[in-house]
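Here's the structure we're looking at; comments come further down.
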Amino acid sequence: ETGVTQTPRHLVMGMTNKKSLKCEQHLGHNAMYWYKQSAKKPLELMFVYSLEERVENNSVPSRFSPECPNSSHLFLHLHTLQPEDSALYLCASSQQLVSRAAGPNTIYFGEGSWLTVV
Amino acid sequence: KNEVEQSPQNLTAQEGEFITINCSYSVGISALHWLQQHPGGGIVSLFMLSSGKKKHGRLIATINIQEKHSSLHITASHPRDSAVYICAASGGGADGLTFGKGTHLIIQP
């Protein structure tokens, strides 16, 4: 139990569906992240939020739309996805942004949401 | 852009063996993270280090800043250590972590 909770754990959706992934942390962290892990590839950073403001968008297609309504919750809205978007989507949080931390700043990951696009 | 390389990609060993996983990175970083990912997908942070050496139970992580290299060691390995071990770097201008491809470790009884 890392303190970062993701739902759903598994999701199968059609290419025309709209769905959302949810992430919640009760660690009092100020930074939250969405990562994508595809088969045989390293984890890729998708979005970074610091204090509910988006800091970085790593050239992610617009069919992925993040939302951070408060510092404890992060959503990833999915719309008209492609089969190649099937992957494990991981949420993470840390006390400060990784790039701005001067001291210890452990990053905590959720269990991930396995997404299959059919 | 930081490149993070891990070796080996796959490692199978017998229970009790001493395990070493290596990680190298290309640009200066603020910290190096070692993570463990189990088959269910969840990732646990094992170590975050910026210099020297850290130990937790049977796990030891070292980093050499000058050589841009880090190692993760497992002593007296056990089948429950079987997992993917991922090296990740923070800093180098990025807001998130830059990850290696991971090392898939299997410890056989």
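The values are calculated or read from the model by the stated rules, or taken from the named source; none is laboratory data. Please read these numbers as outputs of a predicted model, since none were measured by experiment. Cβ sites come from the backbone with ideal geometry, for glycine too, and all protein chains shown count toward neighbours.
See the values below:
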item: Check on residue B:16, in contact (Cβ under 8 Å) with a residue 12 or more places away in the chain, more than 25 Å from residue A:92 (Cα to Cα) and of a type in the set (Gly, Ala, Ser); result: yes
item: The range A:30-72, subset acidic (Asp, Glu) and more than 10 Å from chain B (Cβ to nearest Cβ), residue surrounded by the fewest Cβ atoms within 10 Å (Cβ to Cβ); result: A:53
item: Of residues in the range B:29-40 being closer than 14 Å to residue A:112 by Cα and surrounded by fewer than 20 Cβ atoms within 10 Å (Cβ to Cβ), the one nearest to the other protein chains (Cβ to nearest Cβ); result: B:40
item: Whichever residue in the range B:60-93 is of a type in the set (Ser, Thr, Tyr) and in contact (Cβ under 8 Å) with a residue 40 or more places away in the chain and, among such residues, is nearest to the other protein chains (Cβ to nearest Cβ); result: B:90
item: Residue among B:100, B:96, B:57 that is out of contact with any Pro (no Cβ under 8 Å at 6 or more places or on another chain), within 14 Å of another protein chain (Cβ to nearest Cβ) and either free of Cβ contacts under 8 Å to residues at least 12 places away in the same chain or under 20 Å from residue A:38 (Cα atoms) (or both); result: B:96
item: Filter pass, residue A:24 being among the charged types (D, E, K, R), in a strand (DSSP E or B) and more than 8 Å from every other protein chain (Cβ to nearest Cβ); result: yes
item: Count of residues meeting criterion [in contact with a Cys (Cβ under 8 Å, 6 or more places away or on another chain) and not in a strand (DSSP E or B)] in the range A:27-60; result: 1
item: Residues located in the range A:1-21, provided they are within 12 Å of chain B (Cβ to nearest Cβ), in a strand (DSSP E or B), in contact with a Leu (Cβ under 9 Å, 6 or more places away or on another chain) and among the polar types (S, T, N, Q); result: A:6
item: Some residue of the range A:77-96 being over 22 Å from residue B:43 (Cβ atoms) and part of a strand (DSSP E or B); result: yes
item: The range A:73-118, residues that are out of contact with any strand residue (DSSP E or B) (no Cβ under 7 Å at 6 or more places or on another chain), under 21 Å from residue B:32 (Cα atoms) and either modelled with pLDDT of 90 or more or surrounded by 19 or more Cβ atoms within 10 Å (Cβ to Cβ) (or both); result: A:101
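Yes or no, residue by residue, for (1) more than 21 Å from residue A:47 (Cα to Cα); (2) modelled with pLDDT under 90; (3) in a strand (DSSP E or B):
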residue	(1), (2), (3)
B:17	yes, no, no
B:23	yes, no, yes
B:61	yes, no, yes
B:87	no, no, yes
B:101	no, no, no
